[in-house]
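In what follows, a structure is listed as structure tokens, so that the remarks can point back to it.
None of the figures in this text is laboratory data; all of them are computed from the coordinates on show. Just so it is clear, the structure is predicted and the values come from calculations on it, not from any experiment. Using ideal geometry, Cβ is built from the backbone for each residue, glycine included, and neighbour counts are taken over all protein chains shown.
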Amino acid sequence: MEDKKGFFDGNPKMLFVFGLVTGVALTSILGGSINWPTLNSNNDEVVRTFDDPNTDGTGDTGGDVAVLDPVTNKDHILGDIKKAKVVLVEYSDFECPYCERHTPTLQQVMEDYGNDVALVFRHFPLTSIHAEAAPAAEASECAAEQGKFWEFHDEMFARQSELGDDLYYEVAGDLKLDQDQFDKCYTERIYAQDVADDLQSGVKAGVQGTPATFINGMLVSGAVPYETMVDAIEAVLAE
């Protein structure tokens, strides 16, 4: 395996770009390798991992490492993650207004970069301030069970002011989901633990608020402008 460099040993362009980006916190660097599918202890196929984390999110490279969990077949993925040069892992909250603002930025990135970029969505419900964050996340997993996660995701952000049970059932109907299956899944909170697991993986990686988007392991905090995301992605592509 090739030697990995720390961030401050990186190329000048990388240092310059990230010196300009407000709200960008370096948490780990992916050395560019792809780890092909294996099975973890939960029998979830691992499709990408993020190697050699070297900071704890505080800027102190000598501290405890922050670990970004590998992407598995349980994650929600847009794009060809095995071939993408850049992987965005977003921790988000359906009730967070900044996440709603950030969503069109990520959609534009996906449109502009095509197969070079893949997007992974993970839940990070801020339940202390957003009463509908966890229920919306669980409802989205029930939609995912029937192959409609991204459609449900888009509706949650488009109709954020309406979040609540009535909306979840309405959207499930609009998407022509099996209503009985969706109702049972949602009322029995089948995916509560999955949402909690996403949250814990974000905490472990150093996420403190939403949206939090990891770009090949580098944490960009907040709903940053499209140009900021492009600068960060271009810096990674230039490595």
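Remark: for residue pairs LYS148/LYS184; LYS74/LYS148; LYS83/LYS148, the C-alpha separation exceeds 21 Å in LYS83/LYS148. Dipole size of region 137-239 about its Cα centre, with +1 on Lys/Arg Cβ and -1 on Asp/Glu Cβ: approximately 300 debye, rounded to the nearest 20. For region 72-128, applying the loop criterion from DSSP together with a ceiling of 11 other beta carbons within 10 Å to the GluC sites (Glu not before Pro) yields no site.
In this simple spin-label model, placing a label point 7 Å from the Cα along the Cα-to-Cβ direction at both ASN73 and ASP180 gives a separation of 2.8 nm. Near the amide H of VAL47, within less than 5 Å, lie the amide hydrogens of VAL71, THR72, ASN73, all on another chain or at least 5 residues away, with H placed in the peptide plane.
Between ASP165 and ARG101, full extension at 0.36 nm per residue minus the direct alpha carbon distance yields a gain of 20.8 nm. With K and R counted +1 and D and E -1, the other residues having a Cβ less than 10 Å from that of PHE152 yield a net charge of -4.
Could you tell me the distance between the Cα centroids of region 156-230 and region 82-111, to the nearest Å? When both Cα centres are located, 11 Å separates them. With a cut-off of 17 Å on the backbone N, the residues of region 198-222 near the modelled label site 7 Å out from ILE129 along Cα-Cβ are 203, 207-213, 221-222.
Summing charges over neighbours of ASP116, with a neighbour being any other residue whose Cβ is under 11 Å away from its Cβ, gives -1 when K and R count +1 and D and E count -1.
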